Amino acid sequence: MVKFNENYLNVKQSYLFSEIAKRVEKFTKENPDKKVIRLGIGDVTLPLSKSVIESLHEAVTEMGDAKTFRGYGPEQGYDFLRNAIKDYYKRNGVEIEADEIFVSDGAKSDTGNITDLFDINNTVLVPDPVYPVYVDTNTMNGRKIIYMDANSDNDFLPLPDESIKADMIYLCSPNNPTGAAYNKDQLKLWVDYAIKNNAVILYDAAYEAFIEDETLPRSIFSIEGAKKCCVEFCSLSKTAGFTGTRCGYTIVPKAITAKASDGTQMSLNQMWNRRQTTKFNGVSYIIQRGAAAAFSVEGMNEAKAMINTYKENAKIIADTMDRMGVKYYGGINSPYIWFECPFGMNSWDFFDKMLSEIYVVGTPGAGFGKNGENFFRLTSFNNKENTLEAMKRFETLFK
Ligand code: MLT
């Protein structure tokens, strides 16, 4: 008889953003006349940029011609894209090799997929609040998870605690959901901790392109020693509007190893390559061509313009919080604004209040962990008109 993986019994009944979508759908069905504004899931609204679209069109044409048609591509990604990513890092002052880059359909999948390489008996360390994917995927595998408090006392940037022994550490900077970003000294403490404890840092850099403070690191690999202990995940979703197009990448340095039970140091780069060649057939050629255009200098200038538009929305939200006397975090090096729920409310009650009274959707902090219980997240990814309207409505809550 087939036996069920009972670790799934320990996973929350529904994924955070599915639960939100369910509640919003119910509300819109019952209130078809209300104009709902969505500042919940971090999903982009601006169309793909000119150079990306041109490149996608060219690739479609190639696929329609027998002379340029392509079937299966390399599981790791085409060289043209791996080199474009390498060059992008180089322009940002970080040297990585093309064969350390593995193209994927996004950071969400790979932060979960990477767990294939690690024994079940490793202890996982995550901040609380946390992007739920890290917790759910390790719970599905049955690993022990330890939470470290991220709160207003540490500016939502927890630092290593030598009394905690962890093997796999998830860090996300700029952080989802809090918008807080580690500086170089803080990340160096994490790298030192990982080296000392033979741990691996699984570093989610999906929001790196939102960093405007040039002193802040955009990649963990700008920290000395990181290539010995870190894997970095990144994505074009928020950088260049690829949430629907799907393209990301994972950097697994050749220097990083994990110990097998007979003492052999296994190369994670080789093992990730082994995993991908069996379980993944690569991202489509067309999408990779679009992604390569996004990483060009011109493509990145266009992406920057999109990000600046979202940043203007973040400022509209932040200014409203200032006017209403609501304490908030993020919004500068991040598309997210994370704030304390007003009126001493808990976050799901505040979610229901926002939806039913002003028809604005946000994300309840409780969905990211216990430290999010009294916090709420808004995104800057909607358009300016809707953001202004949502904030006008938000102010009415205080009247
Ligand atoms: C979020 O809203 O937290 C993100 O859009 C989720 C994701 O990137 O998967």
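Compute the Rg/Rh shape ratio of the range 127-166: radius of gyration over Kirkwood radius, all on alpha-carbon atoms.
1.01
Solvent-accessible area per residue in the chain equals 45 Å², computed with a 1.4 angstrom probe and all protein chains kept. Rounded to the nearest 20, the size of the Cβ-charge dipole of the range 50-295 about its Cα centre is 640 debye, with Lys and Arg at +1 and Asp and Glu at -1.
The range 106-151 has equivalent-ellipsoid semi-axes of 17, 14, 7 Å, by the square roots of 5 times the alpha carbon gyration tensor eigenvalues, sorted largest first.
The GluC sites (Glu not before Pro) found in the range 72-119 that occupy coil by DSSP, while having at most 11 further C-beta atoms within 10 Å, are E95.
Along the axis of the charge dipole computed for the chain (Cβ charges of +1 for Lys and Arg, -1 for Asp and Glu, origin at the Cα centre), the listed residues N269, N31, N138 are led at the positive end by N31. Normalising the Debye intensity of the range 136-284 to I(0), with uniform scatterers on Cα atoms only, and taking log10 at q = 0.15, 0.18 Å⁻¹ returns -0.88, -1.27. Taking the inverse of the mean reciprocal distance over all distinct Cα pairs, the Kirkwood hydrodynamic radius of the range 270-372 comes to 17.3 Å. Of the trypsin sites (Lys or Arg not before Pro) found in the range 1-70, the ones in coil according to DSSP and having at most 11 other Cβ atoms within 10 Å of their Cβ are K3, K35, K67.
Ignoring ligands, DNA and RNA, please state the percent of accessible area on the chain from carbon and sulfur, probe 1.4 Å. Don't skip to the answer; put the middle values down first.
Values: 9100 of 17930 Å².
Carbon with sulfur: 51 percent of the solvent-accessible area.
For the range 64-216, a Kirkwood hydrodynamic radius built from all Cα pairs, placed in the Stokes-Einstein relation at 37 °C and 0.692 mPa s, yields a translational diffusion coefficient of 189 µm²/s.
Loop-only trypsin sites (Lys or Arg not before Pro) in the range 273-338, please: DSSP not H, G, I, E or B, and at most 13 other Cβ atoms within 10 Å.
Answer in residue order: K327.
Put simply, the convex hull of the Cα atoms in the range 238-277 casts, on average, a shadow of 4.1 nm².
A convex hull fitted around the alpha carbon atoms of the range 1-140 yields 271 Å³ per residue. Taking 16 Å as the straight-line reach from the Cα of K196, the aspartates and glutamates in range (excluding those fewer than 8 positions away in the same chain) are D161, E162, D167, E224. Near R38, the amide H atoms lying under 5 Å from its own belong to V361; only residues 5 or more places off or on other chains count, and H is placed 1.01 Å from N.
Listed by chain and number, the aspartates and glutamates placed with their C-alpha closer than 15 angstrom to that of K311 are D43, E208, E212, D213, E302, D319, E385; residues fewer than eight positions away on the same chain are left out. Each of N374, S55, A194 was placed along the dipole of the chain (beta-carbon charges, centred on the mean Cα), and the one lying farthest toward the positive end is S55. Annotation: amide H of L125 within the under-5 Å range of I146, D167, M168, I169, Y170, sequence separation 5 or more or interchain, hydrogens built in the peptide plane. A 20 angstrom limit on the alpha carbon distance is what I want to check against. Which of K34/K238; K90/K227; K188/K238; K3/K259 exceed it? As for pairs spanning more than 20 Å Cα to Cα, those are K34/K238; K188/K238; K3/K259. Spatial offset of the range 248-316 relative to the range 102-151 amounts to 17 Å, using the alpha carbon center of each.
Computed over every Cα-Cα pair of the range 251-320 and binned at 5 Å starting from 0, the pair-distance distribution P(r) comes out as 3, 12, 11, 11, 13, 11, 12, 11, 8, 5, 2, 0 percent. Normalised by the empirical 2.2 N^0.38 Å for globular proteins, what value does the Cα Rg of the chain take? Rg over 2.2 N^0.38 Å, computed on Cα atoms: 0.99.
Ordering G330, A291, A318 by the projection of their Cα atoms onto the charge dipole of the range 270-334, which places +1 on the Cβ of Lys and Arg and -1 on the Cβ of Asp and Glu, puts A291 at the extreme positive end. Residue by residue, the range 8-14 carries 3J(HN,Hα) couplings of 5, 5, 8, 8, 3, 4, 9 Hz when phi is fed to the Karplus relation 6.51 cos²θ - 1.76 cosθ + 1.60 (θ = phi - 60°); x denotes Gly or Pro.
The values are calculated or read from the model by the stated rules, or taken from the named source; none is laboratory data. Keep in mind that what you see is a predicted model, and the values were worked out from it rather than measured. Cβ coordinates were reconstructed from backbone atoms using ideal geometry, including for glycine residues, and neighbour counts include every protein chain displayed. Note: accessible area is taken over every heavy atom of the protein model, side chains too, but ligands, DNA and RNA are not part of it. Shrake-Rupley method; radii C 1.70, N 1.55, O 1.52, S 1.80 Å.
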